[in-house]
Amino acid sequence: AKEGDPLNKIRRESRLTRRRIRRRAHRLLRLARLLKRNGLIAEAQPNAFALNGISPWDLRAEGLDRLLAPAEWAAVLYHLVKHRGFQSTRKSEAKDDEKAGQMLSGVSVNQQRIKEKNWRTVGEMAARDETFALAKRNKGGAYTHTFARTDLVAELGLLFKQQTSFGNPHTGNAFENEVEQLL
């Protein structure tokens, strides 16, 4: 109380963390149930998305150029919804919050990299760019590997378009809209 912090700050932060984790788990469970209803997986279990040694990042890049098997397509969709990127909710966030400002600068750097090197999607860039060879995610308080949720929504749309052109039977408009809602 001497520093001016609210007395319930620790309790509130813990509650918000529990809420965030619960919402993420429920979102992924709803996605798994959706994938099961559409015949992509047999069981709505998290281990249904484990592919023997194949990275979901590589599958996201390959999905732009070839037809994905149902298990691969399910793993790509699960990966996109699980790692759904940063979405800023405030206009002045970069000025107010140092961490959010670092995330926004990481997002803008990655958007520039996509344009400069002509990557079609974030997943393709993360799978094939030498900058992401050692780590695909942020490490040690650095936010250089942060992606915008709008870029991931665009990637989802392009993946559905490409998979439809390759004849993937699991790419209907209603299914795409449901996955995008979860993202």
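Observations
- Against the chain, whose longest principal axis comes from its Cα atoms, helix 9-37 is set at around 10 degrees.
- Cα gyration tensor shape for the stretch 1-73, rounded if a/c is under 1.5, else prolate or oblate: prolate
- Under 5 Å between amide hydrogens, built in the peptide plane, is the criterion, and for Phe86 it picks out Phe147, Ala148, Arg149 among residues at least 5 positions away or on other chains.
- The length gained by stretching the chain between Arg15 and Glu178 to full extension, at 0.36 nm per residue less their Cα-Cα distance, is 55.8 nm.
- Structure-based [θ]222 nm, the chain - -39500 (n - 2.57) summed over DSSP H runs of at least 4, per residue, nearest 500: -18500 deg cm²/dmol
- A run of the chain free of exposed loop cleavage sites, with GluC sites (Glu not before Pro) counted only in DSSP states other than H, G, I, E and B and at most 16 other beta carbons within 10 Å, reaches its longest extent at 44-183.
- Entries of Lys136/Lys161; Lys115/Lys136; Lys99/Lys139; Lys82/Lys136; Lys82/Lys115 with Cα pairs more than 23 Å apart: Lys136/Lys161; Lys82/Lys115
- Rel. contact order, % - alpha carbon contacts under 8 angstrom, at least six apart, the chain: 25
- Label zone at Arg128 (point 7 Å along Cα-to-Cβ), backbone N below 13 Å, the stretch 57-82: 58-66
- Global geometry of the chain, whether rounded, prolate or oblate, following the gyration tensor of its Cα atoms and the 1.5 cut on a/c: oblate
- The residues neighbouring Thr150, those whose beta-carbon lies less than 13 Å from its own, together hold a net charge of -1 under the Lys/Arg +1, Asp/Glu -1 convention.
- Note on surface exposure: Tyr143, Tyr78 rank Tyr143, Tyr78 by accessible area, highest first, 1.4 Å probe.
- Taking the longest Cα principal axis of the chain as reference, the axis of helix 149-165 is set at about 0 degrees.
- Most mobile listed residue (Thr17, Thr146, Thr171) in the chain, GNM with C-alpha springs under 10 Å: Thr17
- Gaussian network model of the chain, springs between alpha carbon atoms under 10 Å - residue of Asn52, Asn118, Asn173 with greatest fluctuation: Asn52
- Carbon plus sulfur fraction of accessible area for the chain, probe 1.4 Å, in percent: 50
- Within the shell defined by Cβ-Cβ distances under 11 Å, the residues around Arg128 carry a net charge of -2, with Lys and Arg each +1 and Asp and Glu each -1.
The values are calculated or read from the model by the stated rules, or taken from the named source; none is laboratory data. Everything numeric in this text was worked out from a predicted model, so none of it was measured. Neighbour counts run over all protein chains shown; Cβ positions are idealised from the backbone, glycine included. Quick note on the areas: whole protein, heavy atoms, side chains included, nothing else; ligands and nucleic acids left out. Shrake-Rupley method; radii C 1.70, N 1.55, O 1.52, S 1.80 Å.
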